[in-house]
Number of protein chains: 2
Amino acid sequence: MAEKTGRKSAQSASKTGDGPVGTGTEPLDEKDRKKARKKAEKAQRKAAEAAEAAVRANLEAEAAVETAAAKASKAARAAAAAPGVAIDPELVPTVVSPGEFATALRVGPGFRLADVDTSSTPAFTGDKAQAELVMRAYEPEIADLQERLYAASRDGDGASVLLVVQGMDTSGKGGIMRHVVGLLDPQGTSIHAFKKPTAEERRHPFLWRIRKALPEPGIIGVFDRSHYEDVLVARVDDLVPASTWRRRYGQIRTFEESLVDSGTTLVKVMLDIGHAEQKARLAARLERPDKYWKFNPGDIDVRHKWDAYAEAYEEALVKTSTDEAPWYVVPADHKWYARLAVQQLLLGALRRIDPQWPPADFDVEEQKARLADS
Amino acid sequence: MAEKTGRKSAQSASKTGDGPVGTGTEPLDEKDRKKARKKAEKAQRKAAEAAEAAVRANLEAEAAVETAAAKASKAARAAAAAPGVAIDPELVPTVVSPGEFATALRVGPGFRLADVDTSSTPAFTGDKAQAELVMRAYEPEIADLQERLYAASRDGDGASVLLVVQGMDTSGKGGIMRHVVGLLDPQGTSIHAFKKPTAEERRHPFLWRIRKALPEPGIIGVFDRSHYEDVLVARVDDLVPASTWRRRYGQIRTFEESLVDSGTTLVKVMLDIGHAEQKARLAARLERPDKYWKFNPGDIDVRHKWDAYAEAYEEALVKTSTDEAPWYVVPADHKWYARLAVQQLLLGALRRIDPQWPPADFDVEEQKARLADS
């Protein structure tokens, strides 16, 4: 094994002294050499036994998880099939419905951001562990729907999804990308993170860079920040005259309407984090050297403009939450809840599209005969 | 619950007759109504109990899996830390090493494609279930390394990885994307699938579209097919004169050398599937209507040119497997083996890069004080 075995192995080797036998710079006599070899062999045998036992335990646990997840998913569907009767939420923490999340979180007329309890968990009464299990239970259905969506666009035409994720610093946008979008097939997913516009982007209308990043048919596109920054930071920091950002609400409505007309289902999500929770999350980043890179002193400057951002968000949400492209405000103090909610909203969108496997565009029997001869 | 609850729920509702109570078009008398409600309530209670039981089972199983995976990973590392002693492979089917995969699969001088047993599993003696568990056990380390890689490039400079995946139709390229690349954080990953060149691409040198898709610093780029198509299909189908594709080996070597010089670690993988296995996989696609969309009659035409492709692959592999950018030929009749092997090769590349958390570019105590005041 000539290759470097990695940082961690090297560390544990130097800690325990189980380095390569006989290759040290210190001379070893035959006895020492034998002793070291024996010690290394023993350590390896123990490690091997532990690994083997872990594999066995893993195999059993794996099977149990699959059975349980399948059961939970089936039960959830069965319960959702009888919508006329109220379900006792105490009894069924895991029976969820995308429709209920959509209803509970949707921005309607008269919406006020201040009314949202950022630590609440609308449409869900379970806890973190249960939320993760529910998410896992729905994975197969989402995978199936995503593959159908992709397959249905094989001829270059077909539906797409655009998930727009907005939220203040530390609201958990990255976690949504990792833990919700990360469960999708990457071949049918395109993520675009919009940063501060480049010089070239600034020379174009604000929707220019957005249009270039729209998902193709069959694809689930995801925007980490979006054109909404052009009515958020652009407004709060006076990057453009007020008359300009005021016109953008209408421009965005028109733009999104045309997206919907061309077959894109929009899922617009604002992760709503509380002021105190943000402070705690920023503090956590300052406590851990492996999190320093995520911290930017500018985050505190933005924090001082909290109320201005809240005002800008509220106006944007109310003015652009349409029947075709509604906004959902997701309480985000609990990361596990926000992830579950976004997964359910995405699932709801895929179910509404209801993509179907395309029929064969060739003669199946003819091709079977050709294949047999090949 | 006004929203559509989805295809499957709707189906099961119509099958069992548990539709919304009292909202049907048929008039129901009070007794029927009561009976239906009772029936629905009972069905829901049963579903709820099953869901609850599944959650409990899931929670226990989940905990067991995590413990076991952690143990296996630790054991594997401990064993790898004593490289001077041979490990009995019978004893430790799950103790694997990226270095061993690299050594076993690397294309060296005198390599002959015909010598590869496409159903073999070099550097691994376990079975499918064990391979999946090993993959899971290494997930945390890969996630950690990927995040470090990403963090280390925060200032716009830094290393990147480029995984090149080549292989005949049905060799499992899509499965590598879904099951190996799909385990990575999508925020730090970019997949590019190279199709038949467009008219615009054909007007440019063959590396033009490749250069545009190269990973930025901090990113793991993945090519599903690549510039190697320009010495494979281009050669077999005479798309360019022989003098042109012959010159390309040197051009590719020079190109990849410059990539390595600029900080990109290349992992070039050829998924090597057997002629009979391909036939079986194509036949499977013709048996399932949900797989028709993956089948293309042209796949059988390509199959008739098997030997010409083998010759083209062999020459490409031998002529472009350099010390800086070696080729790995992965036996691919067993999909689970190919996935494990590619994961291990990727892990090896990340370990060699050994990316480190960047230091804070601000005064931590100063920022803590600022945050406290915000």
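The values are calculated or read from the model by the stated rules, or taken from the named source; none is laboratory data. Fair warning: this is a prediction, and the values are worked out from it, not measured in the lab. Glycine gets a Cβ as well: all are built from the backbone with ideal geometry, and neighbour counts include every protein chain shown.
Annotation: A:ARG202 fulfils all but one of (1) under 23 Å from A:ARG352 (Cβ atoms); (2) without any contact (Cβ under 8 Å) to a residue 24 or more places away in the chain; the unmet one is (1). Every condition in (1) facing another protein chain (nearest Cβ under 9 Å); (2) under 30 Å from B:PHE255 (Cβ atoms) holds for B:LYS268 except the one numbered (1). When you scan the range B:315-329, do you find a residue that is in a helix (DSSP H, G or I), without any contact (Cβ under 8 Å) to a residue 60 or more places away in the chain and either within 14 Å of chain A (Cβ to nearest Cβ) or of a type in the set (A, V, I, L, M) (or both), even just one? No: the range B:315-329 contains no residue that is in a helix (DSSP H, G or I), without any contact (Cβ under 8 Å) to a residue 60 or more places away in the chain and either within 14 Å of chain A (Cβ to nearest Cβ) or of a type in the set (A, V, I, L, M) (or both). Within the range B:203-247, the set of residues being of a type in the set (Lys, Arg) and either over 27 Å from B:SER262 (Cβ atoms) or surrounded by 17 or more Cβ atoms within 10 Å (Cβ to Cβ) (or both) comprises B:ARG209, B:ARG225, B:ARG235.
Just one of the listed residues (B:GLY188, B:GLY158) is of a type outside the set (Asp, Glu) and at positive phi, namely B:GLY158. Taken as a whole, the condition of being part of a helix (DSSP H, G or I), in contact with a helix residue (DSSP H, G or I) (Cβ under 7 Å, 6 or more places away or on another chain) and modelled with pLDDT under 95 applies to B:GLN130. The listed residues are A:ASP115, A:ASP88, and the only one of them that is more than 21 Å from A:PRO331 (Cα to Cα) and either at pLDDT below 85 or surrounded by fewer than 17 Cβ atoms within 10 Å (Cβ to Cβ) (or both) turns out to be A:ASP88.
Within the range B:296-330, track down each residue that is surrounded by 19 or more Cβ atoms within 10 Å (Cβ to Cβ) and under 30 Å from A:ARG154 (Cβ atoms). Across the range B:296-330, the qualifying residues are B:ASP299, B:ARG303, B:ALA312, B:TYR313, B:ALA316, B:VAL330.
Across the range A:160-183, the number of residues qualifying as assigned to a loop (DSSP other than H, G, I, E, B) and buried (at least 21 other Cβ atoms within 10 Å of the Cβ) comes to 5.
Looking only at residues in the range B:236-247 that are in a helix (DSSP H, G or I) and over 28 Å from the mean Cα position of the chain (by Cα), the one that is farthest from B:SER171 (Cα to Cα) is B:SER243. Quick one: A:PHE295 ticks every box in (1) touching a residue at least 12 places away in the same chain (Cβ under 8 Å); (2) closer than 30 Å to B:TRP357 by Cβ; (3) out of contact with any Asp or Glu (no Cβ under 8 Å at 6 or more places or on another chain); (4) more than 8 Å from every other protein chain (Cβ to nearest Cβ) bar one, so which box is it? If we test A:PHE295 against (1) touching a residue at least 12 places away in the same chain (Cβ under 8 Å); (2) closer than 30 Å to B:TRP357 by Cβ; (3) out of contact with any Asp or Glu (no Cβ under 8 Å at 6 or more places or on another chain); (4) more than 8 Å from every other protein chain (Cβ to nearest Cβ), just (4) comes out false.
For the range A:331-362, a residue qualifies if it is surrounded by fewer than 20 Cβ atoms within 10 Å (Cβ to Cβ), within 9 Å of chain B (Cβ to nearest Cβ) and of a type in the set (D, E, K, R), and the qualifying residues are A:ARG352, A:ASP354, A:ASP361. Residues in the range B:188-195 include none that are within 30 Å of B:ASP307 (Cβ to Cβ), facing chain A (nearest Cβ under 9 Å) and assigned to a helix (DSSP H, G or I). Applying a threshold of 7 Å to beta carbon distances and a minimum spacing of six or more residues, or different chains, the list of pairs starting in the range B:210-227 at a residue that is free of Cβ contacts under 8 Å to residues at least 40 places away in the same chain and ending at one that is in a strand (DSSP E or B) reads B:ALA213/B:HIS192. The set of residues in the range B:91-112 that are of a type in the set (A, V, I, L, M, F, W, C) and at pLDDT below 95 comprises B:LEU91, B:VAL92, B:VAL95, B:VAL96. Residue count for the range B:105-129 satisfying the condition of being within 11 Å of chain A (Cβ to nearest Cβ) and under 22 Å from B:ALA349 (Cα atoms): 2.
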